[in-house]
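Have a look at the structure below, then the notes.
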């Protein structure tokens, strides 16, 4: 009968440049709805814009396009007569503000099928965020629609004859019931070869990060529907608040086994993309993994598993099957997880699961949320500290997002009740900027705190070895960090061993320091050997005095080093010579700088290092002006660290005005790094700070053969004060340096 003929259409999508979830799997709910209609005895046809010969994924003037062209979709419409047509909605389609292709599609459907009931249906059964909307506005923006069915729509998909009754009704129906009789998605009614090709094209241009290794042989699957938990931010089970009862349903294991078999043997699946809201809420989750493994399937759980429902045995089952184990932590605060967040999970369970995964050789990604309405800076810092700790201990990569109120969630209601103004464009804001400012957190603070974690993660990846090849020096600087060490060098054979050892670890960046490295008899042999080993970035830090001879400067630069730093501490000979303890050192260093500038290669970087002490802080602007006038375009302004000869009486004081004057005058004219400075002392100038975190991936080798992580080495002489707990930069700053009254005994 015509009345039981149903045409399901998955339209092409136009998303913004920033989006969440998986728009390339937005057809899954529609396919599942079609499967239910088939099971109910309807004659079903599907036009899926993701499963056509020209199904593409790529840039669009509004963001990105997913699916076939509208022309191809219209050409694929069957000539049959249908009692009803279901147009699949999704948050990516934004039916409340449809793009032109959606408007044209619905308009053309009405022209071609004037007698059919055309219904827009969310077909939302889980797997992705849901954005609630005003169905009446959708009917206004798409007037050819006869009705809107919000949420899952099971009441109609399992009884497809009811769809015909919606003709001309202009009804907005809420159908949150997930149903207890799940059906296999109607993959048999689409061209899975074209669908696989579409999935491959999604990531082929490299513009989207393919975290879970999706390819042409990946197929989406839901093994459970809904979620038993009531997290404040979650849009799972949309519409459940109407009934007050949340739904969670999981088909029997034999049914899941059958679905997995069909996907593997009939529809080309080699990997399952399991989109359950919380897949291991199933009590038989381990048994399900066993069945997947028997079919030799790979699988992913992108929405995160509950750590407190994992065991070592379960994680071991996933070894070699999963590319990334995704865990949901949300917060480090157990009380808030139990209370307002509603997660009800002990953070310790996340650490335990990450540990087991590391032992099994499975990469881990942990999800966190910051900026809940009730949070304080200390709360956020605790979560970010947890994120860093799990990364450092267990290599668990942190995926941090801002608390984003989506329509229909408790968080949305809470923000309204608190009178918090917020931006409703949630999809673009999860990772990039907060939607609102929590009352207890200053405006802009969250972005800085999240930026601090990003900075620390980046710094950890920038590995470098720094070798103090000699403590010999022809200066006697008042503040020298190694001035109290025995003046000797590392023999060349040992230097070769050190270089080989660190290169074997994959390190490609090398810094040769001292003492004064140009005094080492085997400096050039060392640099040549480093090049042979494959070090790609090699820097030499020197006082520049021996480079007063142009031939010396040319020879050093000709070794192939990629950068050089020369230290200059005064704007006059009197001041510089006072600080270095050597008369005439200023003139020699200045000549060395000029000789290097005259002989620099096109790709060689050059900087001048300035150590700030009480005696020269008032001359800082004049000194940087001198450096700039010489043609130098990079300067490192370094504050003292409590090592070697550095004493408290050499400190320049707390007034940062001299530094700020330099940044104001030269910040846009040259590259300036403020090294060992404090974020709290240079608020508004944080972008110039190169704090200790920059040293996180750096190993320093002393002449004595001692090796230290430079971040930890410096951090041992720092301490945090009470005020540090609310600082946005707490994660990347170890606090205030502790200086002694006399020379350091390090």
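Would you tally the residues in segment 503-515 being buried (at least 23 other Cβ atoms within 10 Å of the Cβ) and either free of Cβ contacts under 8 Å to residues at least 24 places away in the same chain or in contact with a helix residue (DSSP H, G or I) (Cβ under 9 Å, 6 or more places away or on another chain) (or both)? Give the steps one after another, and end with the answer.
If we filter segment 503-515 for residues that are buried (at least 23 other Cβ atoms within 10 Å of the Cβ), which is where we start, we get 510, 512, 514-515.
Cutting the leftovers down to either free of Cβ contacts under 8 Å to residues at least 24 places away in the same chain or in contact with a helix residue (DSSP H, G or I) (Cβ under 9 Å, 6 or more places away or on another chain) (or both) gives us 510, 512.
Qualifying residue count, segment 503-515: 2.
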Practice task
Scan segment 343-381 residue by residue and report those that are under 20 Å from residue 404 (Cβ atoms) and out of contact with any helix residue (DSSP H, G or I) (no Cβ under 9 Å at 6 or more places or on another chain).
Solution key: 365, 367
Practice task
Within segment 406-423, track down each residue that is part of a loop (DSSP other than H, G, I, E, B) and under 20 Å from residue 442 (Cβ atoms).
Solution key: 418, 419, 420, 421, 422, 423
Practice task
Give 519, 523 a once-over and let me know the one that is within 22 Å of residue 490 (Cα to Cα) and either more than 43 Å from the chain's Cα centre (by Cα) or modelled with pLDDT under 95 (or both).
Solution key: 519
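Looking only at segment 287-311, which residues are part of a helix (DSSP H, G or I) and within 21 Å of the chain's Cα centre (by Cα)?
Scanning segment 287-311 gives a single hit, 307.
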Practice task
Kindly indicate whether residue 682 is crowded, with 17+ Cβ neighbours inside 10 Å and either modelled with pLDDT under 75 or more than 34 Å from the chain's Cα centre (by Cα) (or both).
Solution key: no
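Could you name every one of the strands (runs of 3 or more DSSP E) located completely within segment 134-243 that has at least 1 residues being assigned by TED's automatic domain parsing to the domain that holds residue 64? Quick ask: steps written out before the conclusion?
Working: elements: 147-151, 171-175, 218-221.
In segment 134-243, 147-151, 171-175 are the strands (runs of 3 or more DSSP E) which contain 1 or more residues that are assigned by TED's automatic domain parsing to the domain that holds residue 64.
With respect to residue 533, is the statement that it is within 38 Å of the chain's Cα centre (by Cα) and crowded, with 22+ Cβ neighbours inside 10 Å true? Write out each step before concluding.
Working: within 38 Å of the chain's Cα centre (by Cα): yes; crowded, with 22+ Cβ neighbours inside 10 Å: no.
Judged against the criteria, residue 533 is not a match.
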Exercise for the section: Hey, can you tell me all the residues within segment 557-588 that are in contact with a helix residue (DSSP H, G or I) (Cβ under 7 Å, 6 or more places away or on another chain) and part of a helix (DSSP H, G or I)? Expected result: 557, 573, 575, 576, 577, 585, 586, 587, 588
Handout entry: Criterion: under 35 Å from the mean Cα position of the chain (by Cα) and assigned by TED's automatic domain parsing to the domain that holds residue 701 - qualifying residue of 563, 585
Key = 563
Completion exercise
Per the list (1) touching a helix residue (DSSP H, G or I) at 6+ places or on another chain (Cβ under 8 Å); (2) more than 26 Å from residue 210 (Cβ to Cβ); (3) in a loop (DSSP other than H, G, I, E, B), residue check on residue 340 breaks on (1)
Fill in the blank from the handout: Within segment 90-112, of all residues that are assigned to a loop (DSSP other than H, G, I, E, B) and without any contact (Cβ under 8 Å) to a residue 60 or more places away in the chain, the one surrounded by the fewest Cβ atoms within 10 Å (Cβ to Cβ) is 97
Practice task
Spot the failing condition for residue 476; the list is (1) over 24 Å from residue 510 (Cα atoms); (2) part of a loop (DSSP other than H, G, I, E, B); (3) under 41 Å from the mean Cα position of the chain (by Cα), and only one is missed.
Solution key: (3)
Handout entry: Residue within segment 707-723 that is part of a loop (DSSP other than H, G, I, E, B), at pLDDT 80 or above and either out of contact with any strand residue (DSSP E or B) (no Cβ under 6 Å at 6 or more places or on another chain) or surrounded by fewer than 20 Cβ atoms within 10 Å (Cβ to Cβ) (or both) present
Key = yes
Completion exercise
The number of residues in segment 57-84 that are closer than 16 Å to residue 190 by Cβ and under 37 Å from the mean Cα position of the chain (by Cα) is 5
Fill in the blank from the handout: Taking segment 271-285 and keeping residues touching a helix residue (DSSP H, G or I) at 6+ places or on another chain (Cβ under 7 Å) and surrounded by fewer than 16 Cβ atoms within 10 Å (Cβ to Cβ) leaves 284
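The values are calculated or read from the model by the stated rules, or taken from the named source; none is laboratory data. None of the values given here were measured: they were computed from a predicted structure. Methodologically, a virtual Cβ is constructed for each residue, glycine included, from the backbone with ideal geometry; neighbour enumeration extends over all protein chains shown.
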